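A.B. asks: First, the structure itself, so that you have it in front of you.
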Amino acid sequence: MKLLITGAAGFIGAHLMYELAKRGDDVIGIDNLSDYYDTRLKIARLARCGFTDTKPFNAGSMCTSGMFPNCRFQKVDIADKVSLYRLFHDGKFDKVVHLAAQAGSRYSIINPDSYLRNNLLGFLNILEACRNYNVKHLVYASSSSVYGNEDAKKDRTDRPVSLHASIKKSNELMAYSYCKLYGISMTGLRYFTIYGPYGRPDMSPMIFAKAITEDQPIKVFNHGEMKRDFTYIDDAIDATVKAMDNEPSPNDERIRYRIYDIATGIQTSLLDFIEDLEKAFEKKTEKIFLPMQQGDFSQVSPLTDPLKEELEHKSTTNLQTGLKSFIDWYKSDNNPLR
């Protein structure tokens, strides 16, 4: 099976590329290697997948993993329609897993242009490429932020509290229209708070770990009245692979378009999460309690029954085990930001 992964140098994308290459799929990963956060982390993720020579990245050349001969990577920007179409023409992909996006809900407030270019125009380019080059199944990343402050069980997603959330909802609607117009199977994945080795430095686990190790205070928003569904990366990857493998029947319009919450179903207080990190690092840190940040939300309870019933997926990594794995990596030489 020939697969394309966009955002392959990202947190979820790199882990997914590693797992699919390891099981023997023919995988091509692309990423624009943006400097939204420290690119050393992106290079380290690619190195874990066997891409240790970075020179071809800058040249835009296709390079082959030294670990998996069935895995290749190329620096491509999804907003560059010409380069993207050339890739689809040559690749003849069976399936596409679209994870490339400008990340960060709060960043969307201060830099909306970047969001429109990468997350709206970029997604349209992916949809059009799938249509024009006969891709049968597109799996794409959405976000728990589409719920705003609503309970996921109510399935109400028309009250976004950030531009990031509104664009992710727009992506879901665009996918639905392409599914209905062109018969492309679409599977959207609303990721909740994913954490683990090689995680994004702009997300709370990495921010808190950095503050604790550097004896810096932690900013706690909404005065600590926040909960999150912390999902370990291995569980998120298992759910993603099962969603990709479970291609909807092209003859059944009822299930050709699906959306799943990628989460454990367990809500953890942000203060409890920080305390668990402190115990694991064996260090206490000062906390500065602040009001809710613009564009943020207090909590969202995911709906995980469809994951269990349709994909036979259940998260198996508890928070303590996941945090230990994350902290072991954070302290190791494999963390380029340490």
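The values are calculated or read from the model by the stated rules, or taken from the named source; none is laboratory data. Because the structure is predicted, anything quoted here is derived from the model rather than measured. FYI the Cβ positions are ideal-geometry reconstructions off the backbone, even for glycines, and counts take in every protein chain you see.
A.B. asks: Taking only the range 192-208 into account, find how many residues are farther than 22 Å from LYS219 by Cβ and either modelled with pLDDT under 95 or out of contact with any Ser or Thr (no Cβ under 8 Å at 6 or more places or on another chain) (or both).
C.D. replies: 1
A.B. asks: I would also like to ask the following. Quick one: TYR182 ticks every box in (1) in contact with a strand residue (DSSP E or B) (Cβ under 9 Å, 6 or more places away or on another chain); (2) closer than 30 Å to TYR133 by Cβ; (3) not small (Gly, Ala, Ser) bar one, so which box is it?
C.D. replies: (1) is the only condition that TYR182 fails.
A.B. asks: Within the range 119-134, is even one residue part of a strand (DSSP E or B) and closer than 21 Å to THR240 by Cβ?
C.D. replies: No.
A.B. asks: How about the range 277-303: which of its residues are modelled with pLDDT of 90 or more and either of a type in the set (A, V, I, L, M) or in contact with a Gly (Cβ under 6 Å, 6 or more places away or on another chain) (or both)?
C.D. replies: Within the range 277-303, LEU277, ILE288 qualify.
A.B. asks: Suppose we keep only residues that are of a type outside the set (D, E, K, R), at pLDDT 95 or above and in a loop (DSSP other than H, G, I, E, B) within the range 92-102. Which one would you say is farthest from ARG23 (Cα to Cα)?
C.D. replies: ALA100
A.B. asks: What number of residues in the range 208-229 are touching a helix residue (DSSP H, G or I) at 6+ places or on another chain (Cβ under 6 Å) and either within 21 Å of PHE11 (Cβ to Cβ) or of a type outside the set (Gly, Ala, Ser) (or both)?
C.D. replies: Summing the residues that are touching a helix residue (DSSP H, G or I) at 6+ places or on another chain (Cβ under 6 Å) and either within 21 Å of PHE11 (Cβ to Cβ) or of a type outside the set (Gly, Ala, Ser) (or both) in the range 208-229 gives 5.
A.B. asks: May I pose another question? How about the range 324-333: which of its residues are over 18 Å from GLU214 (Cα atoms) and touching a Pro at 6+ places or on another chain (Cβ under 9 Å)?
C.D. replies: SER325
A.B. asks: Would you tally the residues in the range 185-207 being in contact with a strand residue (DSSP E or B) (Cβ under 6 Å, 6 or more places away or on another chain) and either assigned to a loop (DSSP other than H, G, I, E, B) or more than 21 Å from LYS168 (Cα to Cα) (or both)?
C.D. replies: 3
A.B. asks: Output the residues belonging to the range 304-316 that are surrounded by fewer than 19 Cβ atoms within 10 Å (Cβ to Cβ) and touching a residue at least 24 places away in the same chain (Cβ under 8 Å).
C.D. replies: If the condition is that a residue be surrounded by fewer than 19 Cβ atoms within 10 Å (Cβ to Cβ) and touching a residue at least 24 places away in the same chain (Cβ under 8 Å), then PRO306, GLU310, GLU312, THR316 are the ones that fit.
Matching residues to (1) at pLDDT below 95; (2) within 30 Å of SER204 (Cβ to Cβ):
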| site | (1), (2) |
| --- | --- |
| TYR37 | yes, yes |
| ALA44 | no, yes |
| PHE51 | no, yes |
| MET67 | no, no |
| ARG106 | yes, yes |
| LEU116 | yes, yes |
| ASN119 | yes, yes |
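A.B. asks: Here is a follow-up. Considering only residues that are part of a helix (DSSP H, G or I) and over 20 Å from PHE230 (Cα atoms), look in the range 135-163 and name the one that is modelled with the highest pLDDT.
C.D. replies: Result: LEU163.
A.B. asks: Further question on the same structure: Would you list the helices (runs of 4 or more DSSP H) that sit entirely within the range 25-91 and hold 1 or more residues that are touching a residue at least 40 places away in the same chain (Cβ under 8 Å) and exposed (fewer than 14 other Cβ atoms within 10 Å of the Cβ)?
C.D. replies: The qualifying helices (runs of 4 or more DSSP H) are 39-48, 81-91.
A.B. asks: Could you check ALA211 against (1) among the small types (Gly, Ala, Ser); (2) outside any helix (DSSP H, G or I); (3) on the phi < 0 side of the Ramachandran plot; (4) at pLDDT 90 or above and say which number it fails?
C.D. replies: With (1) among the small types (Gly, Ala, Ser); (2) outside any helix (DSSP H, G or I); (3) on the phi < 0 side of the Ramachandran plot; (4) at pLDDT 90 or above applied to ALA211, the lone miss is (2).
A.B. asks: Might you check whether a residue that is part of a helix (DSSP H, G or I), hydrophobic (A, V, I, L, M, F, W, C) and more than 19 Å from the chain's Cα centre (by Cα) occurs anywhere in the range 261-271?
C.D. replies: Checked the range 261-271: at least one residue is part of a helix (DSSP H, G or I), hydrophobic (A, V, I, L, M, F, W, C) and more than 19 Å from the chain's Cα centre (by Cα).
A.B. asks: If you don't mind, there's one more thing I want to ask. Looking at ILE274 and the list (1) modelled with pLDDT of 90 or more; (2) assigned to a loop (DSSP other than H, G, I, E, B); (3) of a type outside the set (Gly, Ala, Ser), which single condition is not satisfied?
C.D. replies: Failed condition: (2).
A.B. asks: Does MET206 meet the test of being within 20 Å of GLU128 (Cβ to Cβ) and buried (at least 20 other Cβ atoms within 10 Å of the Cβ)?
C.D. replies: Judged against the criteria, MET206 is not a match.
A.B. asks: Somewhere in the range 107-116, is a residue among the hydrophobic types (A, V, I, L, M, F, W, C) and buried (at least 19 other Cβ atoms within 10 Å of the Cβ)?
C.D. replies: So far as the range 107-116 goes, no, none of its residues is among the hydrophobic types (A, V, I, L, M, F, W, C) and buried (at least 19 other Cβ atoms within 10 Å of the Cβ).
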